[in-house]
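*Asks:* Just dropping this structure here.
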Amino acid sequence: MSGKDNNKNKGLGKDFWCYRGGEFLSDLGTSAQTLAIAWWVLEMTGSAASMATVLVPTMIAQIIFSPLLAPLGDRFARKKIMLWANAGKIVTVSTMAWLFFNEAMTIPALIALAISGCFFGCLFTAGSEAIVSNLVKADQLQKANQSIQSLNAITMLLGGAFGATMVATIGIKGAVLVNLVSFFASVIGISLISQNTKPKREDNNGLTIANWSRDIYLGFRALIKVRVVLVLVIAASLINMALLPVIIMVPYLVKETLGLSPYYVGIIEAAIAIGALIGSVTLSLVTKRIANHRALLLGIVVIVAMMIIPAVMQSYWLLVAGFTLSMVGSLWVNILIQTQMTVAIPDHFRSRILSSMGILSALAAPFGVTVSGILTDSYGAWPVLLGCVSLAALTIPLFAIIPNMANFFNKPEDEVGGWVLDTYPGAFDSSNEQATPNETSPKPVQQAG
């Protein structure tokens, strides 16, 4: 067996599992609170449009905050950024809990707190988006991403059931309080990381407004120059605009259209989690039989196709099955993209590019959520769901014509960085920063001094 194969069979290490263990507990609390808040908004308003009123400002805030905060993850220790972000989350959720326990929560207050939480969430993402590349080696990244997606699936599975149980028994206050406590688990896990998580870059100038603006500009310039990534982001933005409202309208469909209890939202969330878990463990089997770029295209087709039948038949249980199978395809797509992007992008650009990709992919989502909320109030959830899925189907051909897609996704992790620099010269160049091919893939992690 080669040394490379031996490396792939090694464990992911203490730092990775401390980080992900803390995030697992934190995400569990967050998933419970998410359901509780959605249920509270519906109890207060009974309107899908009102749910959009709460969600859209947060989406817009994310579009603004994410590119502004992403440069921090390419300058400072990512561990410290995440710890400061968690401190802000704790203050925000503490305020939310206080308002709920004193019966003082209002829709405007919830929107303000959601925007505050979004700010600290974007700050956390600036550190977390690329930290895995500091914790594991390049040839372990797909294994690490599959482990992360498996844990996320378990979180959804437990979080859906946990959140539904709390809403049905102890109510919204308990869900918010549990989420508050769960953030401390994240703080402990991140604090136990011993590796050096500061990005490697030649430009060590202090962070001034001029340097910050320059970092933002260079990140977006690199994204635009690497055309395979740019077109992929545009296609993802369109399909997200169509499919994100499908997930968001689930509480409305269950409560207002079908008249069911919160447990039925939990069943759908559990189905999504099971699909994600299946997707994370089956990707290796798929990529052994077909090329990576074909696996990605297959995943896109599965995502859309599995939602069409329940939308046409208007069946709750077919919707449960559809979400399960759709998430299998979604996980194939997410893992392939996350892994290849991480090894292809230089470390000192990684947070900015990955963050920019995420935010541009969601750029059209506020429009989709707003329009679908208004249409749902007028025409009902099932017809709007069918319209959203049909619109998503129209975007599939875009993924098939992405330039250089086969080369990008099929290159080994130790070659794709050099291929990107050769194919898109100047994408990562600046007056002070010059990326070389051997800087594009994560190097073995170093102990912090």
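The values are calculated or read from the model by the stated rules, or taken from the named source; none is laboratory data. Because the structure is predicted, anything quoted here is derived from the model rather than measured. Note that each Cβ is placed from the backbone with ideal geometry, even for glycine, and that neighbours are counted across all protein chains shown.
*Asks:* How many residues are out of contact with any Asp or Glu (no Cβ under 6 Å at 6 or more places or on another chain) and modelled with pLDDT under 50 if we restrict to the stretch 410-440?
*Replies:* The number of residues fulfilling the criteria is 7.
*Asks:* I've got another one for you. Residues of the stretch 26-43 being within 20 Å of the chain's Cα centre (by Cα) and of a type in the set (A, V, I, L, M), which ones?
*Replies:* Within the stretch 26-43, L28, A32, L35, I37, A38 meet the criteria.
*Asks:* Right, another one. Give me the pairs, please: first residue somewhere in the stretch 344-366 and buried (at least 22 other Cβ atoms within 10 Å of the Cβ), second residue anywhere and assigned to a helix (DSSP H, G or I) and modelled with pLDDT under 75, beta-carbon distance under 7 Å, and either six or more positions apart or on two chains.
*Replies:* Between residues of the stretch 344-366 that are buried (at least 22 other Cβ atoms within 10 Å of the Cβ) and residues that are assigned to a helix (DSSP H, G or I) and modelled with pLDDT under 75, the close pairs are P346/E439.
*Asks:* Let me ask something else about it. Provide a single number: the residues in the stretch 403-425 that are charged (D, E, K, R) and outside any loop (DSSP other than H, G, I, E, B).
*Replies:* Count: 1.
*Asks:* Against the condition surrounded by fewer than 17 Cβ atoms within 10 Å (Cβ to Cβ) and either in a helix (DSSP H, G or I) or not charged (D, E, K, R) (or both), how does I337 come out, does it pass?
*Replies:* Judged against the criteria, I337 is not a match.
*Asks:* Of all residues being surrounded by 22 or more Cβ atoms within 10 Å (Cβ to Cβ) and among the aliphatic types (A, V, I, L, M) in the stretch 257-269, which is farthest from L243 (Cα to Cα)? Just the residue, please.
*Replies:* Looking at the filtered set, the residue picked out is V265.
*Asks:* Moving to a separate point now. Please enumerate the residues belonging to the stretch 68-85 that are surrounded by fewer than 20 Cβ atoms within 10 Å (Cβ to Cβ) and in a helix (DSSP H, G or I).
*Replies:* L68, K80, L83, W84
*Asks:* Looking at the stretch 14-36 only, could you name the residues that are out of contact with any Gly (no Cβ under 7 Å at 6 or more places or on another chain), at pLDDT 80 or above and surrounded by 18 or more Cβ atoms within 10 Å (Cβ to Cβ)?
*Replies:* Of everything in the stretch 14-36, those that are out of contact with any Gly (no Cβ under 7 Å at 6 or more places or on another chain), at pLDDT 80 or above and surrounded by 18 or more Cβ atoms within 10 Å (Cβ to Cβ) turn out to be D15, F16, R20, F24, S26.
*Asks:* Please specify each residue of the stretch 288-303 satisfying the condition of being β-branched (V, I, T) and touching a residue at least 12 places away in the same chain (Cβ under 8 Å).
*Replies:* Listed by number, the residues that qualify are I300, V301, V302, I303.
*Asks:* Identify the single condition in (1) modelled with pLDDT under 90; (2) surrounded by fewer than 22 Cβ atoms within 10 Å (Cβ to Cβ) that A276 does not satisfy, given that it satisfies every other one.
*Replies:* Unmet for A276, out of (1) modelled with pLDDT under 90; (2) surrounded by fewer than 22 Cβ atoms within 10 Å (Cβ to Cβ): (2).
Condition check ((1) surrounded by fewer than 23 Cβ atoms within 10 Å (Cβ to Cβ); (2) outside any helix (DSSP H, G or I)) across all residues:
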position	(1), (2)
E103	yes, yes
G117	yes, no
T125	no, no
A130	no, no
D139	yes, no
K143	yes, no
I154	yes, no
